[in-house]
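Note sheet for the following structure.
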Amino acid sequence: MDLKDADVTTITTENLAKKRFRSRRLGIFSTLILVVLAAWAVWSWGFCRFYVGPGKMAVIIAKTGSALPPGQILAKPGQKGVLEDVLGEGRHIWNPLFYDWQIVDALYIPPGKVGVITSQVGENLPQGEFLAEPGQKGTWRKVLGPGCYRLNPIGYAVDVIDAVSLPLGFAGVVTNLSGEAAPEGLFAQPGQKGVRADVLQPGLYYINPREYEVSAVEVGVNQVSLVGESGGVVLTKNVVMDENNQLLQRLSQNLLDDQRRRREEYSQNAAATAPSPRAKSSMDYVEELMDDPGAPARRALSKSLSSTTAMRVAQGQMPIMERDVPPAFVLNQFVNFPSRDGFDISLDMTVEFELEPQRLAAIYRDYGDLPAVVDKILMPQILSVSRLKGSAYRAVDFIAGEGREKFQSDLTDALKTSLGDKNLVIHSALIRHVNVPEQILDPLRVASLSKETDLTNKERQNTAKKQAELNREMSLIRQSGQRVAQETQKLKAEIDAEKERTVATIFAETGRRVAEIDKMTASVMAERTIALGRADADAKRLVEEERAKGFGMQVTAFGREGGDYALYEFAQQLNPAMRITLIHAGEGTLWTDLKNAGMAELGGAASMKK
């Protein structure tokens with residue numbers, strides 16, 4: 001080995017050593033990486049992982065970071081404290097050395113509810129504002145509808161309340177609760193406080209009750225019924241509910257209960273300021289009737305009314321108190337006025353009025369809810385017009401039908417004219433009963449009874465006269481019936497005789513015509529037989545003559561001697577299957593050729609000819 005070979009060997013050994021060193025270092029480094037990755041996986045999956053289930057959320061609490069400024073309760077990324085953002089459903093990996101977490105229920109708002117948000121974080125509200133926008137502190141103007149929401153419970157409080165459900169037959173008047181006050185007599189515009197011009201139709205609305213107040217007011221035809229001196233009640237139209245939708249029915253009932261409470265408060269305040277002159281208010285009777293709709297309430301009510309009214313109540317002719325639907329509210333007023341001749345008159349009256357949806361907002365803005373409309377608009381006009389019109393009539397006019405009908409027509413027209421400008425539509429004013437003093441009612445009753453007795457006697461005389469006329473007419477009818485029966489029997493006998501004679505004549509004529517037809521038929525058949533015999537004879541004769549002519553023509557065709565014709569006839573009579581064999585008599589004898597006779601055919605004969 002020379003020097004050159006020794007150098008090459010040394011270099012190769014060093015390279016191999018370096019490669020082994022690099023390989024061992026790479027293996028150690030790879031092992032360390034795998035150990036680190038395995039440790040990180042075990043740490044992350046076993047200690048940092050947590051699961052948030054359906055309908056839950058995770059509130060994260062940072063253990064490290066900068067301290068929160070004064071007044072701030074939720075931390076931003078990099079700050080220490082409860083983080084503002086929450087985590088939803090699923091698996092999450094957070095380092096427990098730096099963060100802690102708490103799994104709580106997410107906010108669920110069921111159907112028919114709304115969530116009113118009160119924020120504890122954000123900027124302060126401007127002066128004079130009480131509703132906040134997202135990012136501001138306070139009650140948010142925006143509400144949450146049905147669904148699942150994830151709001152940090154540390155920074156946000158949510159009140160879940162009923163949505164506004166307007167039933168059929170009602171409209172919702174909306175009042176803005178925030179903003180500057182609208183000008184007097186005008187509707188509130190966006191950003192102004194007051195009654196809005198637009199009303200809500202029946203349905204379910206998810207609105208903020210701290211931003212808007214919705215008052216449910218009956219639309220359509222309602223009634224104000226006044227009963228003598230016992231005051232009256234206001235009966236609103238029946239509320240139509242969908243029995244299959246229990247949720248909407250419950251929500252609507254909640255709204256109507258709240259509306260009924262307001263109206264009771266209004267009625268109580270009105271009663272406190274203007275006490276009724278009666279010893280017992282109609283509210284007491286209505287409450288008694290609602291507690292016990294049987295006879296005791298009717299008897300108690302009957303004692304407080306006049307004798308005529310009590311009789312009508314006992315007989316069930318008082319439609320107001322027999323309603324299954326309780327009155328909306330009770331009135332402490334009644335229609336009472338002096339007649340033209342100085343008698344005290346009280347009326348049982350029912351006024352049907354309508355609140356139209358397009359006018360409802362203006363009515364509510366100017367006067368308030370239905371009790372205020374009745375108290376401030378309807379009742380003053382009813383009392384004023386009734387007294388004004390009724391004072392022009394005598395007490396007798398209210399008893400007679402024509403005078404009472406004219407008063408009712410005048411009252412209806414006057415109410416339509418006076419209340420039309422106040423956005424109320426009057427359909428009718430019905431006078432059900434008039435309470436007239438007994439001192440004028442008794443003489444009129446006696447006179448009317450005498451008049452009716454006289455009319456009854458006259459009618460009895462007329463009835464007797466009519467009965468006599470009826471008896472005479474019945475006798476004439478019976479006589480006419482007997483005469484008609486006799487005439488009928490006579491006509492029946494004549495018809496039967498005529499029928500028998502006609503039938504006999506028809507039978508005789510039919511026999512004669514049948515004999516004539518038979519005679520004509522026999523003559524025709526004889527002529528037919530003769531004609532057929534003559535035709536057969538002529539036909540046979542003609543055929544034989546033609547056949548003879550044919551034979552003669554054939555004989556003439558074969559010659560006059562007739563021998564050829566005979567051969568022709570002989571040939572025609574031969575059997576078509578007959579065969580002709582020709583035997584050649586050549587060399588040899590006849591007997592030697594006979595052995596081949598069976599082989600001789602037309603073809604063989606032809607060959608032999610050759």
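The values are calculated or read from the model by the stated rules, or taken from the named source; none is laboratory data. Keep in mind the model is a prediction, meaning the values are calculated, not measured. Please note: Cβ atoms are built from the backbone with ideal geometry, for glycine as well, and neighbour counts cover all protein chains shown. Surface accessibility is based on the protein's heavy atoms, side chains included, excluding ligands, DNA and RNA. Shrake-Rupley method; radii C 1.70, N 1.55, O 1.52, S 1.80 Å.
Below are the figures for this structure:
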{"read-out": "Output for the stretch 143-196, where each listed residue is among the polar types (S, T, N, Q), in contact (Cβ under 8 Å) with a residue 60 or more places away in the chain and more than 22 Å from Gln253 (Cα to Cα)", "value": "Asn152"}
{"read-out": "Segments classed as strands (runs of 3 or more DSSP E), wholly inside the stretch 90-197, with at least 2 members that are surrounded by 17 or more Cβ atoms within 10 Å (Cβ to Cβ)", "value": "107-109, 113-119, 138-144, 156-162, 164-166, 170-176"}
{"read-out": "Qualifying positions in the stretch 375-422 - β-branched (Val, Ile, Thr) and farther than 15 Å from Ser339 by Cα", "value": "Ile377, Ile382, Thr412, Thr417"}
{"read-out": "Matching residues in the stretch 347-372 - criterion: being open to solvent by less than 10 Å² (accessible area, probe 1.4 Å), under 18 Å from Gly169 (Cα atoms) and part of a helix (DSSP H, G or I)", "value": "Leu360, Ala361, Ile363, Leu370, Pro371"}
{"read-out": "Among the residues listed as Ala392, Ala414, the single one being in contact (Cβ under 8 Å) with a residue 24 or more places away in the chain, surrounded by fewer than 20 Cβ atoms within 10 Å (Cβ to Cβ) and either among the aromatic types (Phe, Trp, Tyr) or not in a helix (DSSP H, G or I) (or both)", "value": "Ala392"}
{"read-out": "Residue in the stretch 429-442 that is under 30 Å from Glu405 (Cα atoms) and loosely packed, with under 10 Cβ neighbours inside 10 Å present", "value": "yes"}
{"read-out": "Hey, Leu449 closer than 30 Å to Val227 by Cα and open to solvent by 70 Å² or more (accessible area, probe 1.4 Å) or not", "value": "yes"}
{"read-out": "Selection within the stretch 46-79 - touching a Lys or Arg at 6+ places or on another chain (Cβ under 9 Å), loosely packed, with under 14 Cβ neighbours inside 10 Å and not hydroxyl-bearing (Ser, Thr, Tyr)", "value": "Arg49, Lys63, Ala67"}
{"read-out": "Pairs, first touching a residue at least 60 places away in the same chain (Cβ under 8 Å) in the stretch 200-217, second open to solvent by 60 Å² or more (accessible area, probe 1.4 Å) and outside any loop (DSSP other than H, G, I, E, B), C-beta under 6 Å, six or more apart", "value": "Glu211/Arg141"}
{"read-out": "Test: residue in the stretch 205-225 that is open to solvent by less than 20 Å² (accessible area, probe 1.4 Å), part of a loop (DSSP other than H, G, I, E, B) and at pLDDT below 65", "value": "no"}
{"read-out": "Yes/no for Gln461 being more than 30 Å from Phe343 (Cα to Cα) and either open to solvent by 100 Å² or more (accessible area, probe 1.4 Å) or modelled with pLDDT under 85 (or both)", "value": "yes"}
{"read-out": "Counted residues, the stretch 206-219 - those being in contact with a Phe, Trp or Tyr (Cβ under 9 Å, 6 or more places away or on another chain) and more than 10 Å from Val174 (Cα to Cα)", "value": "5"}
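Residue-by-condition table, conditions (1) surrounded by 10 or more Cβ atoms within 10 Å (Cβ to Cβ); (2) assigned to a loop (DSSP other than H, G, I, E, B); (3) at pLDDT below 90:
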position: Leu542; (1), (2), (3): yes, no, yes
position: Phe551; (1), (2), (3): yes, no, yes
position: Thr556; (1), (2), (3): yes, no, yes
position: Tyr565; (1), (2), (3): yes, no, yes
position: Gln572; (1), (2), (3): no, no, yes
position: Pro576; (1), (2), (3): no, yes, yes
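Conditions (1) aromatic (Phe, Trp, Tyr); (2) touching a strand residue (DSSP E or B) at 6+ places or on another chain (Cβ under 6 Å); (3) at pLDDT 80 or above, marked per residue:
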| position | (1), (2), (3) |
| --- | --- |
| Val396 | no, no, no |
| Gly403 | no, no, no |
| Lys416 | no, yes, yes |
| Lys422 | no, no, yes |
| Val425 | no, yes, yes |
| Asp442 | no, no, no |
